[in-house]
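Working notes for the structure below.
The values are calculated or read from the model by the stated rules, or taken from the named source; none is laboratory data. Predicted, not measured: the structure shown is a model, and the values here were computed from it. Reconstructed Cβ throughout: ideal geometry from the backbone, glycine too, with neighbour counts over all protein chains shown.
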Amino acid sequence: MHNPVVKKIKNGLKLILVPVEGTETVSLIVNVGAGSRYEDESQIGMTHFLEHLIFDGTKRRPSSLDIAKEIDAIGADVNAHPTEEYTNYHIKAASEHLDKVVDIFSDMLTESLFAESEIEKEKKVVIEEIKMRSDIPSSYIFQVFDQALFSGTPLARYTGGTVKTISGIKRQDVLDFYNKHYFAENSYICLAGNFSGRSEEGLVKLIEDKFIFKNARSSAVEQFKYKPKRLEFFAKDSQQTNLAVGFLGPDYSSSDRLVVKLLMVILGGNMSSRMFTEIREKKGLAYDVRSFQSSGSDSGSLMTVAGVADEKATQALEAIIGEYKRARIDITEDELKKAKTFLLGQMKLSFEDSYELGDYYLTRFFYQKKIELISETMEKIAKIKLVDVLAVADKYFDFDNMSVGVIAKEKMRPKIEKLLNN
């Protein structure tokens, strides 16, 4: 197995080294504690917008093309994505390009120009991205559900922002947000893969010398009071009705998290799950139905999504709610055993990849400020008992605080409201 090591850098950076034998790649992953939950009303989408700008030029690499050419020259895979609590940047390349990978990413994250011309260009790009997302109901339903579940808090907002807020962004707004959140003590770095005999001291020095942030601040996660909204309805002349049904879930550090993850596998985590079997295979109500679980610093979400024909929408909604209710009293030992095997198998498959492996450790350290070995997590999963699963189903499937997100034609609204009010 892998032996991750946490190194504290002098300037406050946190570095995790995850050596991986038998691979020819190395992944550099950076999580910066800048997320949509830290945006005020005028800044909605700033986290996402800033993530775009990070790729648009530095003093040494003045344009996005200059950056792209160097990345392409080493055949690297690179990407980034914002979340509610952090922004993730990652690059994977052949291990002999480790120094180049660190040089490119440190330059982007600490020396970006944020040029006026790039800001104006990215506004157009991001606005089109926002418009495109709302045109894809199967994707946008997640946002509609969040608007219900996290109603009244920044977590209810789309991380991409709105046309209004993105259009109004000025360069000084970008600089202010960057300076507030992009600093050493708010940044977490992971190197995972083949280090080609490099010493830990040498890797620490490489990161220390390259990732020199100019700012030194402190930040804290604001705690919210969550009062889920019963229904969020987004009227759209779509070809079908998209549904999302669920509840608040455990936070990332909760001892319930892994138990709930198994519960959601049983409910709708694969093609032999309850939701899929009952709603698609037996009743023919949906082409696809899936259940998901996610966790953050102070809360989480549990949800099931489905796309159904309009005439089957209320029947499908009733069926999903029915499966949630049944799970509170009726889960079998065999279902739990199969869910464990599935989850452990999926974990082993994903950890064949140096990025997935590094991201696993970095995410856990970001939320828990400690390392938990994969073997330890797997051992915890193996020890979960049926009584534990039934207990979390009873705890989190709180039907007085259930949230439903719907994307459908306006004529569907009264039908959905009537069902939920009964």
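What the table shows:
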read-out	value
Filtered residue count, region 180-218, keeping only those that are closer than 27 Å to residue 3 by Cβ, surrounded by fewer than 16 Cβ atoms within 10 Å (Cβ to Cβ) and small (Gly, Ala, Ser)	4
Output for region 345-388, where each listed residue is aliphatic (A, V, I, L, M) and surrounded by fewer than 20 Cβ atoms within 10 Å (Cβ to Cβ)	347, 349, 371, 373, 374, 378, 381, 382, 384, 386, 387
Region 235-282 - residue that is charged (D, E, K, R) and part of a helix (DSSP H, G or I) and, of those, farthest from residue 363 (Cα to Cα)	282
Subset of region 72-91 [touching a residue at least 60 places away in the same chain (Cβ under 8 Å) and not in a strand (DSSP E or B)]	83, 84, 85, 86
Any pair with Cβ under 7 angstrom, 6 or more apart, that starts in region 224-243 at a residue that is more than 9 Å from residue 307 (Cβ to Cβ) and ends at one that is part of a loop (DSSP other than H, G, I, E, B) and of a type in the set (Gly, Ala, Ser)	226/299; 227/151; 227/152; 228/151; 229/151
Hits in region 314-343 (condition: buried (at least 18 other Cβ atoms within 10 Å of the Cβ) and among the β-branched types (Val, Ile, Thr))	314, 320, 321, 331
Residue, modelled with the lowest pLDDT, within region 39-74, restricted to residues that are exposed (fewer than 14 other Cβ atoms within 10 Å of the Cβ) and touching a helix residue (DSSP H, G or I) at 6+ places or on another chain (Cβ under 7 Å)	42
Residue within region 386-404 that is among the basic types (Lys, Arg), over 17 Å from residue 20 (Cβ atoms) and not in a helix (DSSP H, G or I) present	no
Residue, farthest from residue 42 (Cα to Cα), within region 155-209, restricted to residues that are assigned to a helix (DSSP H, G or I) and among the basic types (Lys, Arg)	205
Residue match in region 238-254 (condition: surrounded by fewer than 18 Cβ atoms within 10 Å (Cβ to Cβ), over 30 Å from residue 2 (Cα atoms) and of a type outside the set (Phe, Trp, Tyr))	yes
Count of region 309-346 residues which are in contact (Cβ under 8 Å) with a residue 60 or more places away in the chain and small (Gly, Ala, Ser)	5
Residue check, residue 133 under 30 Å from residue 239 (Cα atoms) and either within 19 Å of the chain's Cα centre (by Cα) or part of a loop (DSSP other than H, G, I, E, B) (or both)	yes
Top-ranked residue in region 75-104 [being more than 30 Å from residue 154 (Cα to Cα) and either outside the structural domain of residue 127 (by TED's automatic domain parsing) or under 20 Å from the mean Cα position of the chain (by Cα) (or both); ranked as surrounded by the fewest Cβ atoms within 10 Å (Cβ to Cβ)]	77
Residue 399 vs. criteria crowded, with 17+ Cβ neighbours inside 10 Å and in contact (Cβ under 8 Å) with a residue 12 or more places away in the chain	no
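Condition check ((1) in a loop (DSSP other than H, G, I, E, B); (2) closer than 23 Å to residue 358 by Cα) across all residues:
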residue	(1), (2)
3	yes, yes
6	no, yes
10	yes, yes
16	no, yes
21	yes, yes
26	no, yes
29	no, yes
42	no, no
48	no, yes
